[in-house]
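Engineer: One structure, pasted below without further comment.
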Amino acid sequence: MRMKALVGFPPLVLMLFVAASAQQPAPSKAPAKPHVVAAIAQTKETQAAITPQMALQMLRDGNERFVSETMKKRDLTKQVKATSTGQFPFATVVSCMDSRAAPELIFDQGIGDVFSPRIAGNFANDDIIGSLEYGSGAAGARLIVVLGHSDCGAVKGACDNVKLGDLLPATLASIKPAIDAVPNDGSPRNSKNYAFVQRVADMNVTLAVKRIRDKSSLLRGMADKGEIKIVGAMLDVKTGKVTFVE
C-alpha cells in the first residue's frame, strides 16, 4: 500500500481507502498457453504394438473427444515433418465424400494416423477393396471401418433413381443392392421417407463390410486370424457421434 503518500489524510479517509483496497480482486494470472500434443508419428514398432481392438478403441476415444469438444491440439507442421520419411497408419476408414464426414476430424486423428479412401455412398467396389488390401496387407493397418452417415445425399439419390451426368448414375447404382435388401413395409421408398433412407444407409454399410470379406481372401484371412478387424459404423451428422457395429 502507498502508506507514505497517505500521511496527513484524515483518519476516516484513510480507513475508507484501506477498506476499499482490501476488497479489490487479486490480479488475475495470464491464461495458460494451450497444450500442444507432441507430434509422435506412428512407427513400424508402435503400429505393430497396436491390436485391432486397441485401434477400434482409439477411434472411439477420438470421436468422444470430437463430440465433447476436447480435441487434441496438434502441431500439424511438426507432424508433416515427422511423417515425411514414412507412414504407418493404424486404421483405414472407408467413408463417404460428404463434407461432414472427414475421418481425421470426427475421430480426432493426426497426420499419418489413418488411411482414408472416400467415395460418394461409402460402398466397397473393387478399387476400394484393393486399396484396403494395400492398407492392411502391405502397410499394416490393424482396423478397417466402413463409415456411413445420416442424411446421405448419395443414398437419397440412389433411392430416387437420380439420372444426372455421365457417370453418376453408375456410381449410385452401387448402392442399389442396399435398397433392394431393405424389406418393403409399404411406406414410400424414396428420399422423402427419412426412416427408409436411414435403413438403406445402414444396410449399405452392412453389405460393404460383407463384400470386403467376400471379395478379398487376404483381408478375410487376416480377420479370421485376428490380425485385423473389419467393422461398420454410422455417423449422426446432427451430433457428430459415431456408433460402431462389430
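Engineer: Does Ala170 satisfy the condition of being closer than 12 Å to Lys156 by Cα and exposed (fewer than 11 other Cβ atoms within 10 Å of the Cβ)?
Structural biologist: The answer is no for Ala170.
Engineer: Being surrounded by fewer than 19 Cβ atoms within 10 Å (Cβ to Cβ), touching a helix residue (DSSP H, G or I) at 6+ places or on another chain (Cβ under 8 Å), touching a residue at least 40 places away in the same chain (Cβ under 8 Å) and over 16 Å from Ala233 (Cα atoms) narrows it down to one residue among Asp126, Asp113; which is it?
Structural biologist: Of the residues listed, the single one that is surrounded by fewer than 19 Cβ atoms within 10 Å (Cβ to Cβ), touching a helix residue (DSSP H, G or I) at 6+ places or on another chain (Cβ under 8 Å), touching a residue at least 40 places away in the same chain (Cβ under 8 Å) and over 16 Å from Ala233 (Cα atoms) is Asp126.
Engineer: Ok, one more. Would you point out the residue of the range 51-63, among those that are without any contact (Cβ under 8 Å) to a residue 60 or more places away in the chain and within 10 Å of Phe107 (Cβ to Cβ), that is surrounded by the most Cβ atoms within 10 Å (Cβ to Cβ)?
Structural biologist: Gly62
Engineer: If you take the residues in the range 66-77 that are surrounded by 14 or more Cβ atoms within 10 Å (Cβ to Cβ) and not in a loop (DSSP other than H, G, I, E, B), which one is nearest to the chain's Cα centre (by Cα)?
Structural biologist: Phe66
Engineer: Then there is this: In the range 80-110, what residues are assigned to a helix (DSSP H, G or I), open to solvent by 70 Å² or more (accessible area, probe 1.4 Å) and modelled with pLDDT of 95 or more?
Structural biologist: Leu105
Engineer: Quick one: would you say Gly186 is part of a loop (DSSP other than H, G, I, E, B) and touching a Pro at 6+ places or on another chain (Cβ under 9 Å)?
Structural biologist: No, not satisfied.
Engineer: Considering the range 194-233 alone, what residues qualify as being more than 20 Å from Ile129 (Cβ to Cβ) and touching a Lys or Arg at 6+ places or on another chain (Cβ under 9 Å)?
Structural biologist: Phe196, Val197, Val200
Yes/no per residue for (1) without any contact (Cβ under 8 Å) to a residue 12 or more places away in the chain; (2) of a type in the set (Val, Ile, Thr):
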{"residue": "Lys192", "(1), (2)": "yes, no"}
{"residue": "Val200", "(1), (2)": "no, yes"}
{"residue": "Arg213", "(1), (2)": "no, no"}
{"residue": "Ala223", "(1), (2)": "yes, no"}
{"residue": "Ile230", "(1), (2)": "no, yes"}
{"residue": "Val245", "(1), (2)": "no, yes"}
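Engineer: Evaluate the range 198-209: report whether one residue or more is touching a Cys at 6+ places or on another chain (Cβ under 7 Å) and either surrounded by 17 or more Cβ atoms within 10 Å (Cβ to Cβ) or not charged (D, E, K, R) (or both).
Structural biologist: yes
Engineer: Which one is nearest to Tyr194 (Cα to Cα), of the residues in the range 129-142 that are in contact (Cβ under 8 Å) with a residue 12 or more places away in the chain and small (Gly, Ala, Ser)?
Structural biologist: Filtering first and then ranking leaves Ser131.
Engineer: Continuing with the same structure: Specify which of the listed residues (Ala120, Ala124) is touching a Ser or Thr at 6+ places or on another chain (Cβ under 7 Å), of a type outside the set (D, E, K, R), assigned to a loop (DSSP other than H, G, I, E, B) and at pLDDT 95 or above.
Structural biologist: After applying the criteria, what remains is Ala120.
Engineer: State which residue pairs qualify: first residue without any contact (Cβ under 8 Å) to a residue 60 or more places away in the chain and assigned to a loop (DSSP other than H, G, I, E, B) and inside the range 143-165, second residue buried (at least 20 other Cβ atoms within 10 Å of the Cβ) and small (Gly, Ala, Ser) in any location, beta carbons under 6 Å apart, and separation of 6 or more residues or different chains.
Structural biologist: Hits for this filter: Cys152/Ala201.
The values are calculated or read from the model by the stated rules, or taken from the named source; none is laboratory data. Quick caveat: nothing in here was measured; it's all calculated off a predicted structure. Glycine also receives a Cβ, built like all others from the backbone with ideal geometry; neighbour counts cover every protein chain displayed. Protein only, heavy atoms only, side chains kept; ligands, DNA and RNA dropped before computing areas. Shrake-Rupley method; radii C 1.70, N 1.55, O 1.52, S 1.80 Å.
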